[in-house]
Amino acid sequence: MAAIEQIDELKNQALTQQEAAAILARYQELWNRGALPELLEGFTDDITVEFADLPTIKGKRELGQIIRARLARQMHYRLKKTLRFVSGNTIVGSWVADWTDGATGRPMKGKGIEFIEMRDGKCARWEATFNAWDAEAPSRSQFT
């Protein structure tokens with residue numbers, strides 16, 4: 001493929017701020033409803049996910065298993081995503097969430113940052129950091 005054709009293809013995939021914000025809002029809404037089938041529709045079949053300390057997740061089937069387990073463990077999950085930056089087909093967002101841990105019954109909080117690479121209107125690569133903590137426990141930070 002010639003360099004000019006590659007540049008034209010990248011331009012066709014470039015997202016606007018509004019498109020990126022709408023994509024994050026849609027993922028947020030689906031997570032908050034626990035709508036697994038609809039959520040999975042937003043990922044390519046060959047999705048690659050680097051999420052926190054999990055081994056690399058490859059493919060929609062494997063991602064579906066992880067999300068199903070996560071939805072079972074994170075009860076009453078409430079997520080808020082915020083667009084931080086978009087460049088070409090890559091969205092950078094941050095998020096905060098709270099939920100009840102399904103195993104312990106404890107209220108939890110979490111936050112993170114994510115990089116979402118889109119291809120043909122779907123997420124083809126998702127990299128995310130994730131910090132979670134017991135919402136009622138004293139801080140474990142060494143800084144306070």
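Numbers for the structure displayed
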item: Extreme residue, farthest from A69 (Cα to Cα), among residues of segment 91-138 that are in contact with a strand residue (DSSP E or B) (Cβ under 8 Å, 6 or more places away or on another chain) and among the polar types (S, T, N, Q); result: S94
item: Restricting segment 98-129 to residues that are touching a residue at least 60 places away in the same chain (Cβ under 8 Å) and touching a Leu at 6+ places or on another chain (Cβ under 9 Å), the residue that is surrounded by the fewest Cβ atoms within 10 Å (Cβ to Cβ); result: W126
item: Hits in segment 13-69 - residues which are at positive phi and surrounded by fewer than 14 Cβ atoms within 10 Å (Cβ to Cβ); result: A52
item: Segment 34-52 residues that are touching a residue at least 60 places away in the same chain (Cβ under 8 Å), paired with ones that are acidic (D, E) and part of a strand (DSSP E or B) (beta carbon under 6 Å, 6 or more apart); result: E50/E127
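No lab work stands behind these numbers, since they all come straight from the coordinates. Computed from a prediction, not measured in an experiment: that's the story for all the values here. We place every Cβ from the backbone using ideal geometry, glycine too, and count neighbours over all the protein chains shown.
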